[in-house]
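Working notes for the structure below.
The values are calculated or read from the model by the stated rules, or taken from the named source; none is laboratory data. It should be emphasised that the depicted structure is a prediction, and the values quoted were computed from it without experimental measurement. Note that each Cβ is placed from the backbone with ideal geometry, even for glycine, and that neighbours are counted across all protein chains shown.
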Amino acid sequence: MSEPALTAIRNDWSLAEVAGLFQLPLHELLFRAHSIHRQYFDPAEVQVSTLMSIKTGGCPEDCGYCSQSVHHNTGLAASALAPVEEVIRTARAARDRGATRFCMGAAYRNPKPSQIGKIAEMIRGVHELGMETCATLGMLNAEQAATLREAGLDYYNHNLDTSANFYPQITTTRSYGDRLDTLKTVRDAGLKVCCGGIIGLGEAEQDRVELLHTLATLAVHPDSVPINQLVEVEGTPIATELQESGQRVDALAFVRVIAVARILMPASRVRLSAGRNEMSDELQALCFFAGANSIFYGDCLLTTPNPAADRDRDLLARLGMRPEALAS
Ligand code: SAM
Ligand code: DTB
Ligand code: SF4
């Protein structure tokens with residue numbers, strides 16, 4: 001008997017098709033998403049990435065959700081770019097706990113030439129540990145992307161966060177077009193792309209439709225698609241607005257986003273990213289069923305808490321899931 005054909009990878013999704021997926025009865029949506037998930041991935045396997053904030057706070061951008069913007073009073077202490085040795089030591093510890101990818105995040109609008117040299121050294125060191133490397137440093141030009149690639153960078157994270165229409169209500173110091181330009185620059189430099197968004201910014205369902213539509217109609221799908229649930233940070237304008245309006249993301253609406261992302265981008269890693277600390281084990285299990293197959297692992301995201309590593313190990317064991325092994 002011949003194997004059933006793989007669901008095709010498409011980059012020509014229409015907005016109406018994406019909206020139609022969101023409208024499906026939940027079980028129909030989950031069934032379709034899980035069926036596609038099994039064609040491309042082992043459903044028991046989850047990829048684990050560890051994050052490190054290599055430069056915290058003091059960011060000139062005004063993203064309304066972010067603890068690290070100079071425009072908001074969140075009480076976060078800004079720090080300088082971390083020493084190379086400290087980054088490599090942290091990556092080694094993450095590898096020894098089972099992480100296969102190390103993601104270095106900096107609160108930059110864009111890195112300066114002197115910073116790129118030092119970050120390239122960090123990347124080289126982490127690459128030599130045998131881990132996959134990822135960085136998220138804001139906007140990049142072609143030369144910077146090439147330097148990082150040469151140092152051993154595998155992935156570049158640069159999120160679109162929400163729809164193009166809603167974006168100006170979230171960030172005013174850069175445009176959606178700026179984000180798309182950097183995504184093209186890093187892809188052209190031969191880097192793998194990690195790009196997703198945040199759910200719970202006060203967006204409408206149509207904004208979720210448009211965000212996923214934009215991601216799924218890029219010339220090449222992002223290799224990793226992080227779906228973050230907003231972490232409400234005291235002192236940020238968006239957290240204040242949500243506290244006043246009482247508006248919160250419905251857990252089942254969040255699962256729908258994961259499922260639609262899985263259907264639209266069958267071969268991409270969909271990461272259940274920020275917000276897991278506020279999620280029940282049952283909601284996370286449903287997200288894995290819907291097609292999430294990557295998590296951040298370790299007690300801290302960039303500036304906010306993540307579930308403790310032993311709690312995640314226990315959860316994966318109870319679900320009969322296992323972390324993806326490092327390729328040798
Ligand atoms: N400054 C760089 C940039 O914006 O691209 C890199 C670091 S930035 C903190 C990385 C991503 O983290 C943002 O694009 C956003 O999607 C996510 N993020 C930041 N704060 C968050 C929050 N409070 N809740 C959920 N996701 C958040
Ligand atoms: C992504 O999509 N989420 C991560 C990573 N990429 C860089 C960041 C989440 C940050 C959550 C808020 C914080 O800890 O500051
Ligand atoms: Fe700066 Fe990134 Fe935070 Fe925006 S999300 S304020 S660019 S660190």
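A few comments on the model shown:
- Options LEU264, LEU301, LEU286, LEU315: the member that is in contact with a helix residue (DSSP H, G or I) (Cβ under 9 Å, 6 or more places away or on another chain) and within 12 Å of ligand 2 (Cβ to nearest atom): LEU301
- Selected residue (criterion: nearest to VAL257 (Cα to Cα)) from residues of the stretch 1-43 that are among the hydroxyl-bearing types (Ser, Thr, Tyr) and not in a loop (DSSP other than H, G, I, E, B): SER35
- Meets criteria (among the hydroxyl-bearing types (Ser, Thr, Tyr), under 17 Å from VAL260 (Cβ atoms), within 11 Å of ligand 1 (Cβ to nearest atom) and modelled with pLDDT of 95 or more) for THR236: no
- Boolean, ARG32 is closer than 19 Å to ARG124 by Cβ and either free of Cβ contacts under 8 Å to residues at least 12 places away in the same chain or more than 16 Å from ligand 1 (Cβ to nearest atom) (or both): no
- Of residues in the stretch 107-130 being over 17 Å from ASP154 (Cβ atoms), modelled with pLDDT of 95 or more and small (Gly, Ala, Ser), the one surrounded by the most Cβ atoms within 10 Å (Cβ to Cβ): ALA107
- Number of residues in the stretch 255-291 that are surrounded by fewer than 24 Cβ atoms within 10 Å (Cβ to Cβ), in a loop (DSSP other than H, G, I, E, B) and within 16 Å of ligand 1 (Cβ to nearest atom) equals 3.
- Residues in the stretch 244-254 that are of a type outside the set (S, T, N, Q) and outside any helix (DSSP H, G or I) were compared, and the one that is surrounded by the fewest Cβ atoms within 10 Å (Cβ to Cβ) is GLY246.
- Only residues that are within 15 Å of ligand 1 (Cβ to nearest atom) and of a type in the set (A, V, I, L, M) were counted across the stretch 73-110, and they come to 7.
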